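Working notes for the structure below.
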Amino acid sequence: MPTAVIMEENYDKLLEQCEAQELEAPGGIATPQVYAQLLSLYLLHNDMNNARYLWKRTPQAIKSANPELTAIWAVGQRIWQRDFPGIYTSIAAFQWSENILPVMEALRESTRQRAYSLVAQAYTSIGAEDFAAFVGYSVEEAVKGVVSQGWQADPATRMVMPKKPDPPPVSLVPNEQQLARLTDYVAFLEN
């Protein structure tokens, strides 16, 4: 099994455990570590609704006493605003604890993959500086990354030309199923 799949399954299990810990917490108030992990995992899964509601139901005393929780929410705000350069800056600006660091690194990488996908779908060409800011790399690293993905980079014009993603496969209806559907439609029209 690939490492990314194993990690994703672990994050899913960790998310379930954190949700259970929050629900089973004495007095309905979990520890700051549970809130921090849960918030970062919601951001990793791009579940902004649950992240927002978790932030709203987290007691103010815990928010103000835990700077890491506030820093995680700052990342969430950048995600909400679709400020890709701000997401990378917010992640890099804080010294994360050892239980949050792997989640934040995975969040940075998943955001980067989402940015690559969005650029591939939306652009025929984009300036190297703009693209680098969008994926959170230096211009040189971004150009190396696009070349490794089969995209083109023109050093003279400093433009990146994304490779269009393959269209999703069209699901073909089997002939018998198509004939049955057509028969039902004709029978409906006749009656």
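Laboratory data are not the source of any read-out in this text; all were calculated from the coordinates shown. Values in this document were obtained by computation on a predicted structure and should not be read as measured data. Neighbour counts are summed over all protein chains in view; Cβ atoms, including those assigned to glycine, are modelled from backbone coordinates with ideal geometry.
I'd like the FRET efficiency for Gln177 and Gln33, computed as 1/(1 + (r/R0)^6) with the beta carbon distance as r and R0 of 45 Å, rounded to 0.05.
With R0 = 45 Å, the Cβ-Cβ based efficiency is 0.30.
Which part of segment 117-146 falls in the paramagnetic zone of Gln81, meaning amide N under 18 Å from the point 7 Å along Cα-to-beta-carbon?
133-136
Which length gain, in nm to one decimal place, applies between Asp166 and Ala74 when the Cα-Cα distance is subtracted from 0.36 nm times their residue separation?
29.6 nm
Hey, which lysines would be in cross-link range of Lys163, C-alpha to C-alpha under 16 Å, not counting anything within fewer than 8 residues on its own chain?
Within reach: Lys144.
If you project the alpha carbons of segment 123-169 onto their three principal axes, what span does each projection cover, largest first, in Å?
35, 21, 17
Which aspartates and glutamates have a Cα lying under 17 Å from the Cα of Lys13, excluding residues fewer than 8 positions away in the same chain?
Here the aspartates and glutamates satisfying the reach criterion relative to Lys13 are Glu22, Glu24, Asp47.
Tell me the Kirkwood radius of the chain: reciprocal of the mean inverse pair distance over distinct alpha-carbon atoms, in Å.
19.7
On a full-extension model of 0.36 nm per residue, what is the gain between Arg52 and Arg158, subtracting their alpha-carbon distance, rounded to one decimal in nm?
Roughly 34.3 nm would be gained on extension.
At 7 Å along the Cα-to-beta-carbon direction for both Gln121 and His45, put a label point, then send me their distance in nm to one decimal.
2.1
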